[in-house]
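A.B. asks: I'd like to ask you about the structure that follows.
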Amino acid sequence: MIEIPKKMKAMALMAYDHLEMIEVPVPQPGPGEVLCRIKSVAICGSDPKMIHGGYRFANWPPYFPFIMGHEWAGQVVALGPGVTEFQVGDRVAGEAHCGCGKCDNCKRGHYTVCLNYGKDGHDGGPDMGHRHYGFYWQGANAEYNVYKVGALHRIPDNVSYDVASMCDCAGVALHGVELAGVTPGGTSVVIGPGPIGLCAMMECKAMGSGRVIVIGRGAKLEKARELGADVCIDFEKEDPVARVLELTGGVGADEVMECSGAPDSPEKACRMVRKTGAVAIIATYKQSDVPLPMNIINFNEIRIVGAKANPNVSEKALCFFSTGAIQGEKLVTHTFPLEEYAKAVDVFEHKKDGSIKVVIHP
């Protein structure tokens with residue numbers, strides 16, 4: 001029997017740009033839910049944006065104070081009524097999304113675009129069952145949190161909590177890679193060697209790409225080289241479109257994964273992909289209007305796919321960590337206690353000390 005306290009510490013967003021450590025009751029699991037002791041929480045690129053108010057348009061967070069954190073791993077410590085899928089003591093990694101399970105999108109497996117998104121009852125309206133942990137629903141920047149069992153996956157024995165906390169990050173990359181497809185023996189391009197881009201690069205290699213080209217700059221581009229990128233293009237030193245076309249004999253890459261979020265990258269992706277090739281838009285953008293070369297897309301029959309979050313890929317991502325196809329331990333560069341969350345965000349956001357993935361230990 002695991003002893004569970006009545007109160008816990010949590011790092012809360014009290015207002016935009018105002019973080020504060022608070023004490024709150026430990027939540028209790030309801031039917032179909034489990035209580036987890038949070039062991040590791042990885043900071044995502046969306047976290048600083050939310051702190052600074054960059055997601056007001058999406059109503060993230062929906063209220064203050066709000067407990068963020070959506071890339072996490074931990075241990076099941078209590079079961080809600082009717083739970084048989086997990087046992088106390090199980091090591092688990094969580095997904096940010098758990099769909100309502102009833103709408104047409106959820107029934108087809110597209111639960112990250114659940115048609116009942118945001119209808120979680122927090123505003124007094126009907127609770128339609130969707131959860132978006134760390135965005136619309138309480139997240140993991142705390143000692144404990146309650147999760148629906150549908151959002152959880154067991155961690156392989158040889159994968160640490162720190163690495164498993166990147167299951168969401170690696171899953172976001174993998175969802176985009178799967179939507180674009182990987183041509184066995186072909187050429188894949190990854191734009192933006194941040195944590196998601198680095199995972200996408202390793203996933204493309206694991207899925208049979210004959211050559212993976214990474215476009216970026218600085219220390220993260222060197223990290224891509226260290227992790228196995230076949231060709232690294234520094235966009236500050238040469239034209240990435242011209243270089244990709246040169247490397248492919250003027251034909252272009254088979255598929256391009258856009259992971260940078262730079263407003264000109266989708267257009268460049270369309271100019272460096274082959275006719276009938278695919279471009280996966282995995283990044284998000286500060287502005288809603290991003291230019292695209294529509295005639296090139298049309299005349300070359302380029303397939304463009306949007307990729308939201310990580311549906312139906314978590315087990316594969318954890319397997320990639322377990323086999324070493326994704327070298328997760330080389331992505332974690334910094335760890336901090338929960339009390340130093342603001343410092344950890346600063347290190348991550350401003351890319352200090354060569355930071356790639358920064359992990360919190362509640």
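A.B. asks: What residue, of 122, 132, is outside any strand (DSSP E or B), out of contact with any helix residue (DSSP H, G or I) (no Cβ under 6 Å at 6 or more places or on another chain) and either over 30 Å from residue 6 (Cα atoms) or of a type outside the set (S, T, N, Q) (or both)?
C.D. replies: Values: 132 fails: outside any strand (DSSP E or B).
Only one candidate passes the filter, namely 122.
A.B. asks: Among the listed residues 101, 32, 94, identify the single one that is under 17 Å from residue 150 (Cα atoms) and either among the polar types (S, T, N, Q) or crowded, with 19+ Cβ neighbours inside 10 Å (or both). I'd like the intermediate steps shown before the answer.
C.D. replies: Details: 101 fails: either among the polar types (S, T, N, Q) or crowded, with 19+ Cβ neighbours inside 10 Å (or both); 32 fails: either among the polar types (S, T, N, Q) or crowded, with 19+ Cβ neighbours inside 10 Å (or both).
Exactly one of 101, 32, 94 is under 17 Å from residue 150 (Cα atoms) and either among the polar types (S, T, N, Q) or crowded, with 19+ Cβ neighbours inside 10 Å (or both), namely 94.
Conditions tested, residue by residue: (1) aromatic (Phe, Trp, Tyr); (2) assigned to a loop (DSSP other than H, G, I, E, B); (3) over 22 Å from the mean Cα position of the chain (by Cα).
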| position | (1), (2), (3) |
| --- | --- |
| 277 | no, no, yes |
| 285 | yes, yes, no |
| 288 | no, yes, no |
| 297 | no, no, yes |
| 310 | no, yes, no |
| 319 | no, no, no |
| 322 | no, no, no |
| 325 | no, yes, no |
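A.B. asks: Restricting attention to the stretch 299-341, report how many residues are in contact with a Gly (Cβ under 7 Å, 6 or more places away or on another chain), of a type in the set (A, V, I, L, M, F, W, C) and within 27 Å of residue 149 (Cβ to Cβ). Working first, answer last.
C.D. replies: Quick first cut of the stretch 299-341, residues in contact with a Gly (Cβ under 7 Å, 6 or more places away or on another chain) only: 302, 307, 310-314, 317, 321, 333.
If we keep only those that are of a type in the set (A, V, I, L, M, F, W, C) as well, we get 302, 307, 313, 317, 321.
Subset that is within 27 Å of residue 149 (Cβ to Cβ): 307, 313, 317, 321.
Count: 4.
A.B. asks: Related question: Residue 61 fails exactly one of the following numbered conditions: (1) surrounded by fewer than 14 Cβ atoms within 10 Å (Cβ to Cβ); (2) part of a loop (DSSP other than H, G, I, E, B); (3) modelled with pLDDT of 95 or more. What is the number of that condition?
C.D. replies: (1)
A.B. asks: Note down all Cβ pairs under 7 Å where the first residue falls in the stretch 66-82 and is in a loop (DSSP other than H, G, I, E, B), the second is surrounded by fewer than 20 Cβ atoms within 10 Å (Cβ to Cβ), and they're at least six residues apart or on different chains.
C.D. replies: Close Cβ pairs (under 7 Å, with a partner that is surrounded by fewer than 20 Cβ atoms within 10 Å (Cβ to Cβ)) amount to 80/30; 80/31; 80/32; 81/31; 82/31; 82/32.
A.B. asks: Which one is farthest from residue 232 (Cα to Cα) among residues in the stretch 160-188 that are part of a strand (DSSP E or B) and out of contact with any Cys (no Cβ under 9 Å at 6 or more places or on another chain)? Break it down stepwise before answering.
C.D. replies: Narrowing the stretch 160-188 to residues part of a strand (DSSP E or B): 184, 187-188.
Filter once more, keeping what is out of contact with any Cys (no Cβ under 9 Å at 6 or more places or on another chain): 184, 187.
Working: 184: 20, 187: 13 Å.
So the residue we want is 184.
A.B. asks: Sticking with this one: Determine if the stretch 36-44 includes at least one residue that is of a type outside the set (Ser, Thr, Tyr), in contact (Cβ under 8 Å) with a residue 60 or more places away in the chain and in a loop (DSSP other than H, G, I, E, B).
C.D. replies: Step one: of the stretch 36-44, the residues of a type outside the set (Ser, Thr, Tyr) are 36-39, 41-44.
Pick out the ones that are also in contact (Cβ under 8 Å) with a residue 60 or more places away in the chain and you get 36-39, 41-44.
Okay, now just the ones that are also in a loop (DSSP other than H, G, I, E, B), so 43-44.
Taking every residue of the stretch 36-44 in turn, at least one turns out to be of a type outside the set (Ser, Thr, Tyr), in contact (Cβ under 8 Å) with a residue 60 or more places away in the chain and in a loop (DSSP other than H, G, I, E, B).
The values are calculated or read from the model by the stated rules, or taken from the named source; none is laboratory data. What you are looking at is a predicted structure, and each value in this text was computed from that prediction instead of being measured. Every residue, glycine among them, receives a Cβ derived from its backbone with ideal geometry; neighbour counts consider all protein chains shown.
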